[in-house]
C-alpha cells in the first residue's frame, strides 16, 4: 500500500498538498467516466484526501464530496475525454490550480494518463515529481461578459443553408473577408482540435500564437493565418451567425456585429508526468 506523507523530501526539495483536497470534473451520463469516478473516490478515501465537485458532475449518492466552487483545492482531475478537459479547464484556470486529465473517452488527445495509472500519478504529484505545461488561453469580452477559452472561439453560419460572411482585422489592419461555413480563432492547444480539422496548421509546442482558420471557405484565396499571441483579432459578421467558445454556443450574432478576441490573462496549467511528442500524438490519435 502506498504511504503518503505530505511533507516529504524528494530530490532535496519539500513538496506537499497544501489543501489536501482535489477537484473532480466528469460527465456522469458517460458510463466509463462513472466507473472512473468510483475508482478515484475510493483511492482518495483510502489516503484521506478530500474530494470537491458538484452534483452536475457526480450523481452517485455513495460518493461524498464538498462544493468545488466554495472550497480550496490543490488541483483538478478531469475524468473523460477532451470535452471534459475543456470543461475542467474553466475551473482550473479560474482557481489558478493545475489540471490532470484521465482518459475515459474516445480520443483523449489532451489527457495525461489512463485510469489505472491514477494512484501512482497521485503519489508523484504529492512529492512534486511532475512538470507544469502552461497552456495559453484566449479571451473575449462580449456584451459585458468575459469568456476564456482553452481551445477556440468560433463564428459560424446561422443555419445549414446559409453562408457566413466574416471580415477579419488583426491589430486594426484589415486582413480580408471570407465567405465560409465559419471561422475558427484558436490557441496553440486548439490548433489540434477544430482548427486542424478545418485545414489549419500544427503549432510547435511552446509557441504562443493565435491561429485564424476558415471552415469550408468558398474561395481558395483566403488561407489560415498565424498571428502573434498579443494580437487583437476583430471579426465582423456581415450576415447573421452564431458565436461559440470551446464548442459551447455563447449567443446568436446579428448582421454587422463584431467580436474581439485576445490572449487571456489566464493560463491552464497541465500536469505532465511523461514527455510527449505532439507529432506522434497527432499520428496516433487523429488517424
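Inspect all residues belonging to segment 118-132 and state whether any of them is surrounded by fewer than 22 Cβ atoms within 10 Å (Cβ to Cβ) and within 16 Å of residue 84 (Cβ to Cβ).
yes
Condition first: at pLDDT 95 or above and within 18 Å of the chain's Cα centre (by Cα). Can you find one or more residues in segment 229-239 that meet it?
Taking every residue of segment 229-239 in turn, at least one turns out to be at pLDDT 95 or above and within 18 Å of the chain's Cα centre (by Cα).
Hey, among 257, 234, 272, which residue is closer than 30 Å to residue 118 by Cα, surrounded by fewer than 22 Cβ atoms within 10 Å (Cβ to Cβ) and touching a strand residue (DSSP E or B) at 6+ places or on another chain (Cβ under 6 Å)?
272
Is it true that residue 55 is modelled with pLDDT under 85 and assigned by TED's automatic domain parsing to the domain that holds residue 103? Show your work before the answer.
Values: modelled with pLDDT under 85: no; assigned by TED's automatic domain parsing to the domain that holds residue 103: yes.
Answer is no for this residue.
Across segment 237-254, what is the number of residues that are crowded, with 16+ Cβ neighbours inside 10 Å and either within 22 Å of residue 135 (Cα to Cα) or in the same structural domain as residue 123 (by TED's automatic domain parsing) (or both)?
3
Give the residues of segment 65-79 that are over 17 Å from residue 102 (Cβ atoms) and assigned to a loop (DSSP other than H, G, I, E, B), sorted by residue number. Spell out how you get there, then give the answer.
First, the residues of segment 65-79 that are over 17 Å from residue 102 (Cβ atoms): 66-67, 69-72.
Correct list: 69, 70, 71, 72.
For segment 206-223, name all the residues that are crowded, with 18+ Cβ neighbours inside 10 Å and over 11 Å from residue 178 (Cα atoms).
Of the residues in segment 206-223, the ones crowded, with 18+ Cβ neighbours inside 10 Å are 209-215, 217, 222.
Listed by number, the residues that qualify are 209, 210, 211, 212.
Just one of 120, 146 is outside the structural domain of residue 23 (by TED's automatic domain parsing) and over 30 Å from residue 218 (Cα atoms); which is it?
Details: 120 fails: outside the structural domain of residue 23 (by TED's automatic domain parsing).
Going through 120, 146 in turn, the sole match is 146.
State the number of residues belonging to segment 72-97 that are closer than 23 Å to residue 32 by Cα and in contact with a strand residue (DSSP E or B) (Cβ under 6 Å, 6 or more places away or on another chain).
Of segment 72-97, the ones closer than 23 Å to residue 32 by Cα are 75-92.
After this cut, where a residue has to be in contact with a strand residue (DSSP E or B) (Cβ under 6 Å, 6 or more places away or on another chain) as well, the list is 75-80, 84-85, 87-89, 91-92.
Qualifying residue count for the region: 13.
List the pairs whose first member sits in segment 250-271 and is at positive phi, whose second member is at pLDDT 95 or above and not in a strand (DSSP E or B), and whose Cβ atoms are under 7 Å apart, counting only residues at least 6 apart or on separate chains?
What qualifies is 256/238.
Could you please let me know if residue 132 is in contact with a helix residue (DSSP H, G or I) (Cβ under 8 Å, 6 or more places away or on another chain) and under 30 Å from residue 34 (Cβ atoms)? I'd like the intermediate steps shown before the answer.
Working: in contact with a helix residue (DSSP H, G or I) (Cβ under 8 Å, 6 or more places away or on another chain): no; under 30 Å from residue 34 (Cβ atoms): yes.
Here the answer is no, as residue 132 does not meet what is asked.
The values are calculated or read from the model by the stated rules, or taken from the named source; none is laboratory data. A quick note: this is a predicted structure, and the numbers were derived from the prediction, not measured. As a convention, Cβ positions derive from the backbone with ideal geometry for all residues, glycine included, and neighbour counts pool all protein chains shown.
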